[in-house]
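Below: the structure, in structure tokens.
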Amino acid sequence: MIKLVASDLDGTILKNGAQKLPDGFCDLVLRLKEHGIQFVAASGRQYYNLRLLFAPVQNDIHYIAENGSLCICNNDVISRGYIDRELGLRIFRAVRERGGCHCLLSCESACYTDSTDPAFIRHIREVVRYDLRTVDDLADVKEPFLKAAVCDFTGAENIEAYFQKLFGNEIKVVTSGMIWVDFIAPDANKGTALAALASALGVRPEECMTFGDRYNDVEMLEYAGVSYAMADGAPGLSAYSTDITNSVEDVLEGLLS
């Protein structure tokens, strides 16, 4: 019996760049809860942003934010992952040297950028709706680094190889959505966060169901007894899941029927 459902957002529930949940999705979450099935929003997004997205049910669900670097169970943080500060500073320098892209640093209180590009800042604040603070230099941020992310509006595929070559031996570098490359703290991913969450809730892996569309979802797909790769997701991702689907909602409706 499935007791815990964890789903990625961008490209999985949120299709074609959508920044709002599909109509009726929050009602579906509540119906799952009535049947004893808890829901987890598992994303590379900021915790603040996830609570905005799920506002009608924000206190009824759990959260895996920042690609697993922050895990929240019943409104309490139960796990964190941090990037070594010196490594983070080298990533920031590499972004400046590469040019044509923008760095976003996630910390627990907020996210930060030293980009001065108005279009990027507007995208983060008004489209994605993050709690964003601008600084002259990301090196000035004193908080521990949860996650670093790089945005290229022309597509993540244009920068992934560059950053993989520079940092792939030191830190996990993955695409997250269509325009982002994320640097994830060692031992922090959606799978380890889901394992911590399931343990806290007394749920076994075989009682979990997961959904994802990119390689930042692999560990979460592998952890769960039942897992779905999106049919239009990254090539080869289905090798890590037990099934494929075009629609999270359709699967969940079937779970409730």
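List of remarks:
- Each part gets one Cα centre, and for segment 200-257 versus segment 125-144 those centres are 32 Å apart.
- The value of relative contact order for segment 61-185, using C-alpha pairs under 8 Å at least six residues apart, is 24 percent.
- Protection proxy ranking, peptides 70-78, 222-230, average beta carbon neighbours within 10 Å, highest first: 222-230, 70-78
- Relative contact order (%) - the chain, alpha-carbon pairs under 8 angstrom, separation at least six: 19 percent
- Residues listed by number, segment 114-158, amide nitrogen under 17 Å from ASP84 label point at 7 Å toward C-beta: 144-148
- The magnitude of the dipole of segment 1-101, with charges of +1 and -1 set on the Cβ of Lys/Arg and Asp/Glu and taken from the Cα centre, is near 300 debye.
- Modelled this way, with points 7 Å down the Cα-to-C-beta line, the labels at GLU126 and LEU256 are 3.6 nm from one another.
- For GLY11, the residues 5 or more places off, or on other chains, whose built amide H falls under 5 Å of its own are ASN16, GLY17.
- Per-residue HN-Hα couplings for segment 169-186 [Karplus 6.51, -1.76, 1.60; θ = phi - 60°; Hz; x = Gly/Pro]: 7, 10, 7, 6, 10, 9, 6, 9, x, 8, 10, 10, 10, 10, 10, 10, 4, x
- Label point 7 Å beyond Cα of LYS142 along Cβ direction - residues of segment 66-89 with amide nitrogen under 11 Å: none
- Lysines whose Cα lies under 28 Å from that of LYS142, excluding same-chain neighbours fewer than 8 positions away: LYS165, LYS172, LYS190
- Dipole size of the chain about its Cα centre, with +1 on Lys/Arg Cβ and -1 on Asp/Glu Cβ: approximately 360 debye, rounded to the nearest 20.
- Set of segment 158-180 residues, backbone N closer than 19 Å to the point 7 Å along the Cα-Cβ line of ALA94: 158-177, 179-180
- Kirkwood Rh and Cα Rg combined as Rg over Rh, evaluated for the chain: 0.95
- If the convex hull is drawn through the Cα atoms of segment 85-184, its volume per residue in Å³: 90 Å³
- Relative to one another, the C-alpha centroids of segment 16-56 and segment 66-112 are positioned 23 Å apart.
- Full extension of the chain between ALA119 and ALA55 yields a length gain of 20.4 nm, computed as 0.36 nm times the residue separation minus the alpha carbon distance.
- Mean Cβ count within 10 Å, highest first, over the residues of peptides 88-100, 3-15: 3-15, 88-100
- The packing ranking of peptides 160-168, 104-112, 188-196, highest mean first, is 188-196, 104-112, 160-168, where packing means the average number of other beta carbon atoms within 10 angstrom of each residue.
- Cα gyration tensor, segment 209-257 - rounded (a/c under 1.5), prolate or oblate: oblate
- Highest-MSF residue in the chain out of ASP60, ASP27, ASP114 [GNM, Cα springs under 10 Å]: ASP27
- Under 9 Å, Cβ to Cβ, from GLN38 - net charge with Lys/Arg +1 and Asp/Glu -1: +1
Every number here is computed from the coordinates shown, using simple stated rules; none is lab data. Quantities reported herein were computed from a predicted structural model and do not represent experimental measurements. Cβ coordinates were reconstructed from backbone atoms using ideal geometry, including for glycine residues, and neighbour counts include every protein chain displayed.
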